[in-house]
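The values are calculated or read from the model by the stated rules, or taken from the named source; none is laboratory data. These numbers come from a predicted model, not from an experiment. Neighbour counts are summed over all protein chains in view; Cβ atoms, including those assigned to glycine, are modelled from backbone coordinates with ideal geometry. Only protein heavy atoms, including side chains, enter the accessible area calculation; ligands, DNA and RNA are left aside. Shrake-Rupley method; radii C 1.70, N 1.55, O 1.52, S 1.80 Å.
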Amino acid sequence: METSKLFLLSFSLLLLLLATGPCPSLSERCNPKDKKVLLQIKKALDNPYILASWTPSTDCCEWFCVECDLTTHRINSLTIFSGDLPGQIPDAVGDLPFLETLIFRKLSNLTGQIPPAIAKLKHLKMVRLSWTNLSGPVPAFFSELKNLTYLDLSFNNLTGPIPGSLSLLPNLAALHLDRNHLTGPIPDSFGKFAGSTPGLFLSHNQLSGKIPYSFRGFDPIAMDLSRNKLEGDLSIFFNANKSTQSVDFSRNLFQFDLSRVEFPKTLTSLDLSHNKIAGSLPKMMTSLDLQFLNVSYNRLCGKIPVGGKLQSFHYDSYFHNRCLCGAPLQSCK
């Protein structure tokens with residue numbers, strides 16, 4: 001008898017569930033606040049095709065371009081990559097409080113300035129706003145996002161100076177501001193980042209002035225300052241005890257004596273071409289495990305030291321110097 005009653009009760013509950021439909025809290029993981037914000041973002045971007053999966057009737061954790069935290073089910077990643085996306089980055093992006101990754105990349109029709117609303121996203125770790133037509137300054141508010149490990153604002157139309165306050169970021173591993181129209185000097189504070197030294201990529205801008213003296217202690221794994229208008233004594237950067245692996249200082253106005261420079265023993269890639277560097281190649285370069293070298297278009301003289309990797313490079317790594325000679329160039333007279 002008890003078994004029959006239990007069966008009838010279970011059967012009645014099943015009929016009730018079928019009649020009322022599935023419980024939303026069980027069928028949909030997406031937080032309703034996040035869902036509302038995402039739909040606002042879609043509307044602000046004029047309902048682009050790339051966001052076609054963003055429909056009110058489906059679970060936003062399953063939508064294209066977003067990810068949910070596996071535990072909290074809050075939106076922690078917004079990645080819109082490549083496509084026809086006209087307009088500007090909506091302010092509503094700042095209303096996704098648990099975002100850790102924010103990417104708008106390879107969107108040539110994305111315009112306007114970087115919205116201040118992003119400053120509200122205190123959990124951000126990665127920001128990539130690159131290969132777009134964003135304009136205006138590099139916002140100083142990024143220095144308030146202490147969890148940032150990667151900031152990429154490259155391949156845009158950003159103008160003005162580089163905010164020195166970016167050096168306050170304690171966890172930054174890489175900073176990409178290359179391929180913009182930035183002006184002014186490299187901030188002195190960049191030689192003294194709050195945390196570990198980030199890879200620094202500032203090439204293809206209009207930066208000017210001398211390398212900050214603080215760079216004497218700056219020790220990034222990689223740095224690219226090429227194609228700017230930087231000048232002065234770059235030798236202060238080099239030190240045998242540093243752990244730097246790759247540097248590109250080409251196509252600037254650097255002027256110093258290369259003869260007594262001691263390069264980091266870890267250096268594998270060195271580009272000093274198209275500057276005003278004088279002196280000779282130091283003998284210690286034969287001990288480096290160089291995979292790439294270019295010192296062309298300078299004012300170097302003397303014999304290329306024999307040994308190591310120096311003779312393995314093509315002559316165009318050395319040509320157009322004042323009186324540099326020896327293999328792979330012509331023999332010294």
key: Where PRO56 falls short, out of the listed (1) at positive phi; (2) open to solvent by 60 Å² or more (accessible area, probe 1.4 Å)   = (1)
message = Exactly one of these conditions fails for LEU329: (1) in contact with a helix residue (DSSP H, G or I) (Cβ under 8 Å, 6 or more places away or on another chain); (2) closer than 14 Å to LEU272 by Cβ. Give me its number.
response = (2)
Selection status of GLN255, of a type in the set (S, T, N, Q) and more than 28 Å from GLY191 (Cα to Cα) = no
request  = Look through PRO97, PRO116, PRO86 and report the one residue that is open to solvent by 40 Å² or more (accessible area, probe 1.4 Å), under 23 Å from VAL66 (Cβ atoms) and modelled with pLDDT under 95.
outcome  = PRO86
remark   = Selection over region 202-215 where residues are in contact (Cβ under 8 Å) with a residue 40 or more places away in the chain and either open to solvent by 50 Å² or more (accessible area, probe 1.4 Å) or part of a helix (DSSP H, G or I) (or both) yields a count of 0
task = Output the number of residues of region 281-328 satisfying the condition of being out of contact with any Gly (no Cβ under 6 Å at 6 or more places or on another chain), more than 16 Å from ASP271 (Cα to Cα) and of a type in the set (D, E, K, R).
result = 2
task = Kindly list, by first and then second residue, each pair from a residue in region 235-247 that is open to solvent by 30 Å² or more (accessible area, probe 1.4 Å) to a residue that is of a type in the set (S, T, N, Q), limited to pairs with Cβ atoms under 6 Å and residues at least 6 apart or on different chains.
result = SER243/THR266; GLN245/THR266; GLN245/THR268; SER246/SER269
message = Name the single residue that is farthest from LEU129 (Cα to Cα) among those in region 73-83 being modelled with pLDDT under 95 and in a loop (DSSP other than H, G, I, E, B).
response = GLY83
query = Where residues in region 304-326 are surrounded by 15 or more Cβ atoms within 10 Å (Cβ to Cβ) and among the aliphatic types (A, V, I, L, M), which of them is farthest from PHE292 (Cα to Cα)?
reply = LEU324
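Only residues that are out of contact with any strand residue (DSSP E or B) (no Cβ under 8 Å at 6 or more places or on another chain) and surrounded by 18 or more Cβ atoms within 10 Å (Cβ to Cβ): list them for region 263-281, please.
At the first step, the residues of region 263-281 found to be out of contact with any strand residue (DSSP E or B) (no Cβ under 8 Å at 6 or more places or on another chain) are 264-266, 274.
PRO264, HIS274, listed by residue number.
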